[in-house]
Structure formats: structure tokens, C-alpha cells
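Visitor: Please find one structure pasted underneath; my questions will follow.
The values are calculated or read from the model by the stated rules, or taken from the named source; none is laboratory data. It should be emphasised that the depicted structure is a prediction, and the values quoted were computed from it without experimental measurement. All Cβ positions, even for glycine, are placed from backbone atoms using ideal geometry, and neighbour counts span all protein chains on display. Keep in mind that these areas ignore ligands, DNA and RNA; they rest on the heavy atoms of the full protein, side chains included. Shrake-Rupley method; radii C 1.70, N 1.55, O 1.52, S 1.80 Å.
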Amino acid sequence: MKACLALAAALLLSSAAVADTPSFSVKQFGAQFIEAPPGRDNNLLPMGSLGAQEKVETHAVVAFDNRLIVDLPSFGDDAKVTATAILANKTQAPLGAASVAGFRKLSADGRKTTYSFSVTRLPDGGVAGVVFSGQVRVMVASAVKKTSVPFQPKVGQKLDLGLGNVVVANVDAGSVTLSGDDRVSAIAAVRLVKPDGSAVAGERGAYSRRGGTDGTAVAVQWQFAAPVSAGKLEVSVYQDLGAVQVPVNLVVTKPY
């Protein structure tokens, strides 16, 4: 009996450990392959061209089964992906770092996001395809928890959100900026509830993150479609915030 109980406990612990491991997938869903005109003649570029004679780009969805993706701006610094050309003679040529789209899309359920990778210069002599490989750093959370705190539209007010020293850094007619350390990034949503019971949801506006001798400083602006007034802030906070390194290996071949 004791052996059975011990085995059951071990299986439960094993299941909990597996469930706690982020589970994700990467699915490529689109690409384009544009070669330079013969002789790289600018006069032959199509109407409406943005100036790049050639471009290879692909898109992929990163999906998590047991995590929520943190909805924060991405500026490309969370991805380390390089591009490699597959030449017509089957050899390869490095193309350097791939460009990564700065503003990602997020699904309604918060579990899927898109990435776009591209290069705008290909080697002369014919290219059969391009490989994008590396990894992207995705911030995820296990859940979202809601909390409520009193609010006064006053710069310097401290908000007890369980995220360290969070203060009201700026207030104007239609927005509130909250600042603190990296934990401020865990704020998923903000709603302003006025004394009469009416409420208005905030929409994330400006976002800044900078390092210094005193640590990292983060400031997030929340914009409201109504005048900011005293009341309370209902704040949704990501739980168990962390980063997952997602491997990327995507191939775009010449379509003709």
C-alpha cells in the first residue's frame, strides 16, 4: 500500500513538472521571394517598389499550449535570427542577421503571436533559397490576476500592486503613466472605475524601458476614452512572468 501511494505521489509530481514546462510550436504560414532585375537595373524595378531590389521574407506563428504570451511591444531585440542563402550550386552563403518585424500580432486568446523575418540583399549568381535560423525570446505568463487599488490623479502616488515601487509618473486629461522597475511590464490591462460606478478601459500607449546604474526603469502609458478622475484602478497582472527561448528554422525556396 505504501509503495502504491509513493508511486502515485511520484506520478503526480512528474505530471506537475511536465505541465509546468512551456509547451509551444512554430508554424510557417507565408513567404515571398523577390529577386533583383537583370543587371540590378533600377529602371526595371516595378511600380510601387519601396526601393529594395530584392527581398526574401517569411512569417511564422509561435503558439503556446500552457502559457499566455505577454502583450508588450517588440522592437526586434528579442530575436537572434540569421539568414543563409542556398546557392544554385547547393553551397551556402551567410547573409548576416535577419530583420525582424517590430510590432507583432497577438491572437484573441493570448496564446499565439506572429513573427516576420526578412533579408533585402541576395548574393549574385543565383539563389535557390534562404534559411532563417536562430531563436526568438518570448515573454510568457501562467495566468492573469486582477487587483484593485485607490487612485488619485496625482503625480507621485504609489500604487500597491505587488509589483514593487509602482508610482504615477504622469497624468493628463486622458492618460495615466505608471513607472517602476521591470515588474511594471507585468501589467496586462488597466480599467479606471469612477466614484459613480462607471468604468473605462485603458489602452496601452507609449512604452519605454531603459537601464541605468540604479537598475531598469520601465514606464507604461495607459490612455482612456474619457477624462481621468479619482476613483480606483482595476489592474490585471500577469503571473509567473518569464522568458522562453523559441528555436526558429524556416526555409524559403525560389518559387519558379
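Visitor: Ignoring ligands, DNA and RNA, what accessible area per residue does the stretch 132-217 give at 1.4 Å, in Å²?
Guide: Spelled out: the 1.4 Å probe surface of the stretch 132-217, per residue, equals 54 Å².
Visitor: For the chain, what % of the accessible area comes from carbon and sulfur atoms, probe 1.4 Å?
Guide: It is 55 percent, rounded to a whole number.
Visitor: Report, in degrees rounded to the nearest 10, the 0 to 90 angle that the Cα long axis of helix 2-20 makes with the longest principal axis of the chain.
Guide: Here the helix axis deviates by roughly 70 degrees.
Visitor: Another question, then. Compute the signed sum of charges (Lys and Arg +1, Asp and Glu -1) over the other residues within less than 15 Å, Cβ to Cβ, of Ala128.
Guide: -1
Visitor: In Å³ and rounded to a whole number, note down the convex hull volume per residue for the Cα atoms of the stretch 63-212.
Guide: With only Cα atoms used, the stretch 63-212 gives 159 Å³ per residue.
Visitor: Lys and Arg at +1, Asp and Glu at -1: add these up for the other residues within a Cβ distance under 11 Å of Leu106 and post the number.
Guide: Details: positive: Arg104, Lys105, Arg111, Lys112; negative: Asp71, Asp109.
Charge balance in the 11 Å sphere: +2.
Visitor: For Arg121 and Asn43, calculate 0.36 nm times their separation in residues minus their Cα-Cα distance, and state this gained length in nm to one decimal.
Guide: Working: separation 78, 0.36 × 78 = 28.08 nm, distance 1.78 nm.
My answer for the length gained is 26.3 nm.
Visitor: Sticking with this structure for a sec: Calculate the translational D of the chain in whole µm² s⁻¹ from Stokes-Einstein, where the hydrodynamic radius comes from the Kirkwood formula applied to all Cα pairs, the temperature is 4 °C and the viscosity 1.567 mPa s.
Guide: Values: Rh = 21.7 Å.
Rounded, D is 60 µm²/s.
Visitor: Follow-up. Hey, with R₀ at 51 Å, roughly what FRET efficiency would Ser198 and Thr114 work out to, going by the Cβ-Cβ distance, to 0.05?
Guide: So the FRET efficiency works out to roughly 0.90.
Visitor: Going through the cross-link list Lys27/Lys254; Lys112/Lys194; Lys90/Lys112; Lys27/Lys145; Lys112/Lys154, which pairs have a Cα-Cα distance over 26 Å in this structure?
Guide: Lys112/Lys194; Lys90/Lys112; Lys27/Lys145; Lys112/Lys154
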